[in-house]
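The structure appears below as structure tokens.
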Amino acid sequence: MRVLHIGKFFPPYPGGIERATADLTAELAAHGVVTHVLAHAAPGTRTTLRMRHGDVDVTLAACHGQLVYAPLSPAFPQLLARTIAAFKPDLLHLHVPNTSALAALLLPRARRVPWIVHWHADVPPDAQRRALRIAYRAYRPWERALLKRAQAIVATSQPYLDASAALAEWRDKVRVIPLGVAPLGDMGPTPAPDWPAPGLRVLAVGRLSYYKGFDVLLRALALLPQASLVLVGQGECESDLRAAAQALGVAARVQFAGFVDDAQLAAYYANADVFCLPSLERTEAFGVVLLEAMRAGRALVASDVRGSGIGYVVRDGTNGLLATPGDARELAAALERLAGDAGLRAALGAAGAARWQAEFTLARAAQRTAALYVDVARAAGGKAVRAT
């Protein structure tokens, strides 16, 4: 079977959805699915790019910028039509939220092919940014049309599906397939990274955006003098976070590491004592970084965001500790508990590693996705795909 994946961005552009799409498509190719990815180049790239990701061909449309997180790519619909004509997919796999995926609704060639919509996250109607709330009112009818047209929808966790108002109407065609990460390959010799101060080594990874709650983590750090933090990532809130670290008096215990390569990131996971994900809202739909930390055997501290997949991945007291979103004191208390109990850190980390191996490997996610392709293809009267 030939499957065209339509994404928003693609690595090396940073982001959990981008990484999940790249990893899944590469693993599907290894399972015998002929796979092509169409996404956007980094904002500001004015030419179409083509690359190879393992056994997957990737086309990245020119992108002039973003408006309320939506890529500005006038050429995307025409490029999608041309890619469908040339690649001749048996199935479209649309990764959303992504406004450019809506172009499939307008293309006759796209409408002749079965669709799967991979629902990575809702666009929260109560998001903090007013511009996002207004934009969603215009986007929602198109989103609903996309879901109506889909033969199947993938949700990444049962709690997220249960809490999603957007998916409520279509629950009968939703299949839950959790995300996965692959075992680490040989990264070669990488020096062990230094933490900015002695004590509990806390690691956080993600885009420096408002919903990640890194400002809450900085406030928690101010209550926990025996800990230091490495924060990996870039984003629009970096200057505000640096200013907050200075104002809270924790700047000497915080390292803003920026973007790092896979080998350096693996070294950070390996040398951390605790991994922390302090997100504030359901925009954090799953948290691939939690799986990466579990793979490394790290204890987790995360926000218990209602209706998110975080509480599905992090079982409180089993492979991590959960805290109320936005509560710096509760977050600090969870970190302090782990700072004083190396045995608990080890037990939580070992349980997380075992659970990753049992439930969240990339091979498992690809096998379940390939099985869904078989079901959709059979229902559409098309070809089958080898699901191994």
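On inspection, Leu331 passes the criterion of being in the same structural domain as Tyr211 (by TED's automatic domain parsing), under 28 Å from Ala244 (Cα atoms) and in a helix (DSSP H, G or I).
For the stretch 11-39, a residue qualifies if it is outside any helix (DSSP H, G or I), under 18 Å from the mean Cα position of the chain (by Cα) and either polar (S, T, N, Q) or modelled with pLDDT of 95 or more (or both), and the qualifying residues are Val37, Leu38, Ala39. Residues considered: Ala245, Ala293. Of these, the only one that is over 18 Å from Leu322 (Cβ atoms) and not charged (D, E, K, R) is Ala245. Pro191 meets all of the listed conditions (1) closer than 27 Å to Arg282 by Cα; (2) in contact (Cβ under 8 Å) with a residue 24 or more places away in the chain but one, namely (1). The residues of the stretch 1-60 that are among the aliphatic types (A, V, I, L, M), in contact (Cβ under 8 Å) with a residue 40 or more places away in the chain and within 20 Å of Pro178 (Cβ to Cβ), listed by number, are Val3, Ile17, Ala20, Leu24, Leu28, Ala30, Val33. A single member of Thr369, Thr318 is part of a helix (DSSP H, G or I) and of a type in the set (Val, Ile, Thr), and it is Thr369. Listed by first and then second residue, the pairs linking a residue in the stretch 245-262 that is free of Cβ contacts under 8 Å to residues at least 12 places away in the same chain to a residue that is aliphatic (A, V, I, L, M) and surrounded by 18 or more Cβ atoms within 10 Å (Cβ to Cβ), with Cβ atoms under 8 Å apart and 6 or more places separating them unless they lie on different chains, are Ala251/Ala245. Restricting Ser239, Ser279 to those that are of a type in the set (Ser, Thr, Tyr) and without any contact (Cβ under 8 Å) to a residue 40 or more places away in the chain reduces the list to Ser239. Search the stretch 30-46 for residues being in contact with a His (Cβ under 9 Å, 6 or more places away or on another chain) and either buried (at least 17 other Cβ atoms within 10 Å of the Cβ) or not small (Gly, Ala, Ser) (or both), and hand back the single one that is nearest to Gln66 (Cα to Cα). The selected residue is Pro43. Among the residues of the stretch 263-297, the ones that are within 19 Å of the chain's Cα centre (by Cα) and part of a loop (DSSP other than H, G, I, E, B) come to 11 in all.
For the residues Thr318, Thr283, Thr388, the requirement of being surrounded by fewer than 24 Cβ atoms within 10 Å (Cβ to Cβ), at pLDDT below 95 and under 29 Å from Pro193 (Cβ atoms) singles out Thr283. Considering Tyr139, Tyr160, the condition of being modelled with pLDDT of 90 or more, part of a helix (DSSP H, G or I) and closer than 24 Å to Glu284 by Cα is satisfied by Tyr160 alone.
Only one residue in Ala204, Ala227, Ala155 is in contact with a Leu (Cβ under 8 Å, 6 or more places away or on another chain), surrounded by 20 or more Cβ atoms within 10 Å (Cβ to Cβ) and without any contact (Cβ under 8 Å) to a residue 60 or more places away in the chain. Which one?
Exactly one of Ala204, Ala227, Ala155 is in contact with a Leu (Cβ under 8 Å, 6 or more places away or on another chain), surrounded by 20 or more Cβ atoms within 10 Å (Cβ to Cβ) and without any contact (Cβ under 8 Å) to a residue 60 or more places away in the chain, namely Ala155.
Going by the structure shown, is Leu300 outside any helix (DSSP H, G or I) and either outside the structural domain of Trp119 (by TED's automatic domain parsing) or at positive phi (or both)? Answer is yes for this residue.
The values are calculated or read from the model by the stated rules, or taken from the named source; none is laboratory data. All values reported here derive from a predicted model rather than from experimental measurement. Glycine gets a Cβ as well: all are built from the backbone with ideal geometry, and neighbour counts include every protein chain shown.
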